[in-house]
Structure formats: C-alpha cells, structure tokens
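Enquirer: Here you go, one structure.
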Amino acid sequence: MASSPSLNSYGSSERPSAPVVKTQAREKAPEPFHPGLLEDPRFPNSFDAKKTIRRPVEEEGVKESVYAHWLKEELEKEQACLELPFSIVFLGSFAIFALYALAQDQVIIIENAIETDIAENANFAFSNNFGHKGIDDVNSFADFWSWTRLGLIPLIFPSAPYFYSESLDEAVEQTPGAPSYSVEALPTRQPSEGYQRPAPMQNDYLRYNKIIGGLRFRQEVSNDPKQACIYPGPADILANWTGKPCTRQTDYELPPDLVATESFSPEPLRVEWFLPEVEGNDALLQHVIDMEDGCTSAYAQNRTCLCEWCKGQGTPHPWLDDQTQRIEISFITYNAHYGMYNMASVNFWFNRGGHIFKLIFVRSCWAGIAIRETWTAVIMIASLIVWMASAIYVLKIETVDILSMIRSSPKLWYYTLADDYLGFWNCVDWCAVIMTLQF
C-alpha cells in the first residue's frame, strides 16, 4: 500500500529533492517568499546580513572610543532632560520681563495714533475744505513745500486749535430778530473742570500728547564734485552741457525700510527749528515760506528772514535743492496718561532717479520704571532678578565645565574645546549669557 506523501521542512507536500551542491554564487530566494527561508544558508537576506555585522562585535567587542562617544551622548541627553525645568524658568522669566517692560500693547496705541494722523490728515491740494493729496503724493519739491505749509504745520501747530464741525453755522436755525449765529465767534479754547488753562493748550497734540520744544528739520546733503558725473564722451564738453554737479548713487535708490529711519548722518546739515512757544504759530508758516524761496520774500519786504541757513548763504538760496539726499522732520511728545515719550519722524529720501520715498516712523520710550503701576513694577523687578540670576548660573556652570575639561584632558586646550566641549546647546547657553550681559 502506497503511503501518503509527508510534509518536508519547508511546509510543502512535495518530496525532498536531491541535495544541492554549493556553488560560489548563492541562489536567489524563490517567490513567493516564505519565513522559513530566513534560516536557509543558500539565500542572502537582511537577517543574515545583520548577523554578519553583529558576529564580530559580539566576539571581538567595541572600540573604547566608540563606546565613550556613545556614553557621552547618552549622558548629555540625560543632563539636558534634567535641565529642562531650569530652562523653562530661564526663558519664562525673560519672556515675562520683556512683556511687562515693553508693554507693546500700550505702545502701539500711541504710535498708531500719531502715524495715522500724519498720514491721513496732513493734506494739500485743497478744494474748499477738502485736501485731495497727502504725503504719498509728494513727488516734487513743490509738492513737499505744499504738504509742509498747508498740511503738516497747520496739523501740528494749528492757529485755531479747537475746531467745530463743517457747516455748523448753516445747521443752526436762525431766530428772527436775534443776532446771526457765527462759528467764528465761538471760542477756540474751552475751559474744563480741573484744567489750569482752557484747552487745547499750546503744543497740545491729538488732545492727550504734549509736544516738547518744537519741530526740527534737517538734511543729509551730497557734496560730490562735478567729477562724479559720468559722461559718454569728452568730460569738459559735456560738463558744460549738463551745467551742474552730479552725485554718486546713494543708499536710497531702493525703497527704504523702518531700520533706515533710526540712523542719520553724524553731521546733519541745514538744521532748522520751529519753536511755536517762542515764534508763535503764525510765524511758523512764514518760516516755511522763507525756507522755500530762500529769503527772497523777506528781502523784498525788508523783514528778518526766519530761515537761519538761507540767510547765511549771501544770496537767496532755497533750503531744498538738488544736493539734498534726505530730509527728516521730527518732534517729540510726552503722553502723561501713559507716562511715555514718543519721537515721530517723517522721512523723505531723494534718489538720483528723481523719485521721492516717504516713510513715517514713531519710536517710544517709557519715562521710567518708577512711573509704572505698582504691580507691573513688582513683576518686572522679580522676573528681571530671576532672569539675571539664571544667566549668572549658566555662566558659572559653563565656565566650570570648560576648566574641568581642560585640566583633565591630555590634549591641547583648543583641541579639548573643539572635540569635547563645543556643541549646539553649549552655543545656545553662551548666546543667552551674552545677550543678558548686553542688556
């Protein structure tokens, strides 16, 4: 009786084949793949490859340098994990101090108010009571003077500080037999309870800010000689044709950003001060006229020219000319409701392509920690102490680590620092310490 075929070691009902003679090249594993093939020496596989790598490691061991490097990495990871609470305290104290010291939520209120007022309300090109152009429409010298005389000066130093609504006299019903209603007869300053003088007072700006001193005009001027001109032919002939000096390309060829407003030439030129408390508001407009026409009207009217730079030129010469590279108009205010100083600057850059870039920027500074609210000052001081103490602690730990490594290592100190000390988190710690010391 024939017996039924038995299962072989591969789980198949086929009879075992004849033994296979080993050759130099291994056979490829058949498809479909079966887990039992993993242990067959005839076919290479990933399991067998790992065994060939692990076998010498298990028999011969690991190099001491490799093991030391691995051990060092593990210890560093453990130390970083243990320092996590300290890092949270360090960064948290800095964040709390910065939030309460800067108080940007309050700073932005005043800065936006000043910037928006100058951008929206300093207008020129008037038709009746409506100005059709603003600072973004200043594209020539004439536009600049129109904006300054008709827009900026009346906005910051108005002759009638308290304004009434448009067409108010027409809106009021006239009573027969009674005197006619006139807005011009109404007071331009209103007394209020608790005020020492009627408001708005001299140098009040946007009702809640007080201008300190006045308005400052200053310039950056190019003094390049005629040799700066570039000619396609003989310079002596073409220089007579152009008839005026040239200036080299400046940093203002492209639209500037806010960082450009924070710096100015160390030697500003043509500085003019507008002091309403000394000159009076009406004289400020005459000052602008003298700057625009270079004292021509002052000499014709036999009066004193108010432009200090212009009258020092000998012959009438306008304050703004082709050599002007940049104009900054700035003033400082103090807001007693917040205890904050604000410096507003209006900047004009004249590039040599003929375009004028305009930018308004307001910078702010708190008057001091003593004027802040008590609870705000307490939080600021406490977080500052924790932050400084944490930075000093980090400085101490890093210094001790460096010294101990240098003393215990047989290598030169700079090799020790490069091989054993320097790492990403060490650099982060030193950056934090340096930034704290700079504060």
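Enquirer: Select from the chain the helices, each a whole stretch of DSSP H, whose alpha-carbon atoms run 20 Å or more along the helix axis and whose Kyte-Doolittle mean is at least -1.0; answer none if there are none. Kindly include the intermediate steps, with their values, before the conclusion.
Expert: On the way: long enough: 46-60 (22 Å, -1.37); 64-82 (27 Å, -0.70); 84-102 (27 Å, 2.11); 104-121 (24 Å, -0.11); 374-408 (51 Å, 1.39); 424-438 (21 Å, 1.01).
Span-like helices here: 64-82, 84-102, 104-121, 374-408, 424-438.
Enquirer: Still on this structure: Could you check how much of the accessible area of the range 290-383 is carbon and sulfur, as a whole percent, using a 1.4 Å probe? Kindly include the intermediate steps, with their values, before the conclusion.
Expert: Working: 2480 of 4220 Å².
On the range 290-383, the fraction of accessible area on carbon and sulfur atoms equals 59 percent.
Enquirer: Quick one: grab the alpha carbon gyration tensor of the range 218-311, order the square roots of its eigenvalues as a ≥ b ≥ c, and give me rounded if a/c is under 1.5, else prolate or oblate depending on whether a/b is larger than b/c. Could you put the intermediate results ahead of the total?
Expert: Values: a/c = 3.50, a/b = 1.53, b/c = 2.29.
Because a/c hits 1.5 or more and a/b fails to exceed b/c, the range 218-311 counts as oblate.
Enquirer: May I pose another question? Probe of 1.4 angstrom, ligands and nucleic acids ignored: what's the accessible area per residue over the range 136-181, in square angstrom?
Expert: 61
Enquirer: Between VAL172 and ASP282, what length comes free when the chain is fully extended (0.36 nm per residue of separation minus the Cα-Cα distance, one decimal in nm)?
Expert: On the way: separation 110, 0.36 × 110 = 39.60 nm, distance 3.04 nm.
Once the chain is fully extended between VAL172 and ASP282, it gains 36.6 nm.
Enquirer: Compare the peptides 393-401, 168-176 by average per-residue count of other Cβ atoms within 10 angstrom and give them in order, highest first. Walk me through the numbers on the way to the answer.
Expert: Working: 393-401: 13.8, 168-176: 9.8.
So the order, starting with the most tightly packed, is 393-401, 168-176.
Enquirer: Right, something else. If a cysteine in the chain has no other Cys Cβ under 4.7 Å from its own Cβ, put it on the list, ordered by number.
Expert: CYS81, CYS365, CYS427, CYS431
Enquirer: Assuming R0 = 35 Å, what is the FRET efficiency of ALA239 and GLU267, from their Cβ-Cβ distance, to the nearest 0.05?
Expert: Rounded to the nearest 0.05, the efficiency is 0.80.
Enquirer: Would you mind checking the pairs LYS210/LYS311; LYS72/LYS411; LYS77/LYS396 and listing those with alpha carbons more than 22 angstrom apart?
Expert: Numbers: LYS210/LYS311 31 Å; LYS72/LYS411 18 Å; LYS77/LYS396 20 Å.
Too far apart for the 22 Å limit: LYS210/LYS311.
Enquirer: Still on this structure, please answer the following. Please work out the Cα center distance from the range 323-375 to the range 103-177, rounded to the nearest Å.
Expert: Taking the Cα centre of each part, the range 323-375 and the range 103-177 sit 19 Å apart.
Enquirer: Taking K and R as +1 and D and E as -1, what net charge do the other residues with C-beta under 12 Å from the C-beta of ARG303 add up to? Mind dumping the intermediate values first?
Expert: Numbers: positive: LYS311; negative: ASP290.
Around ARG303, the surrounding residues sum to 0.
Enquirer: Suppose only helical runs count, i.e. DSSP H with n ≥ 4. What mean residue ellipticity at 222 nm does that imply for the chain under -39500 (n - 2.57) per run, divided by all residues and rounded to the nearest 500 deg cm²/dmol?
Expert: Values: 15 runs with 173 residues, N = 439.
The per-residue figure over the chain is -12000 deg cm²/dmol.
Enquirer: Express the accessible area of the range 197-351 per residue in Å², computed with a 1.4 Å probe while the remaining protein chains stay in the model. Present the calculation step by step, with values, prior to reporting the outcome.
Expert: On the way: 8250 Å² over 155 residues.
The answer is 53 Å² per residue.
Enquirer: Roughly how many percent of the accessible protein surface of the range 122-212 is carbon and sulfur, given a 1.4 Å probe and a whole-percent answer? Walk me through the numbers on the way to the answer.
Expert: Working: 2990 of 5970 Å².
Carbon and sulfur atoms account for 50 percent of the accessible area of the range 122-212.
Enquirer: Compute the FRET efficiency between TYR421 and ASP322 as 1/(1 + (r/R0)^6), taking r as their Cβ-Cβ distance and R0 = 56 Å, and round to the nearest 0.05.
Expert: Numbers: r = 59 Å, r/R0 = 1.06.
With a Förster radius of 56 Å, E is 0.40.
Enquirer: Taking the Cβ-Cβ separation of CYS229 and ILE434 as r and a Förster radius of 56 Å, what is the calculated FRET efficiency to the nearest 0.05? List each step's numbers first, then the result.
Expert: Values: r = 47 Å, r/R0 = 0.85.
With R0 = 56 Å, the Cβ-Cβ based efficiency is 0.75.
Enquirer: Please state the relative contact order of the chain as a whole percent: Cα pairs under 8 Å, 6+ residues apart?
Expert: On the way: 467 pairs, mean separation 60.6, N = 439.
Value for the chain: 14 percent.
Enquirer: Still on this model: Between ASP137 and ALA119, what is the spin-label point distance in nm, taking each point 7 Å from the Cα along the Cα→C-beta axis?
Expert: 1.7
Enquirer: Still on this structure, please answer the following. What dipole magnitude, in Debye to the nearest 20, does the chain give about its Cα centre under +1 on Lys/Arg Cβ and -1 on Asp/Glu Cβ?
Expert: On the way: 34 positive and 55 negative charges, 255 e Å.
Taking the Cα centre of the chain as origin, the dipole is about 1220 debye.
The values are calculated or read from the model by the stated rules, or taken from the named source; none is laboratory data. Since we're looking at a predicted model, the values are computed, not measured. Cβ coordinates were reconstructed from backbone atoms using ideal geometry, including for glycine residues, and neighbour counts include every protein chain displayed. For accessibility, only protein heavy atoms count, side chains too; no ligands or nucleic acids. Shrake-Rupley method; radii C 1.70, N 1.55, O 1.52, S 1.80 Å.
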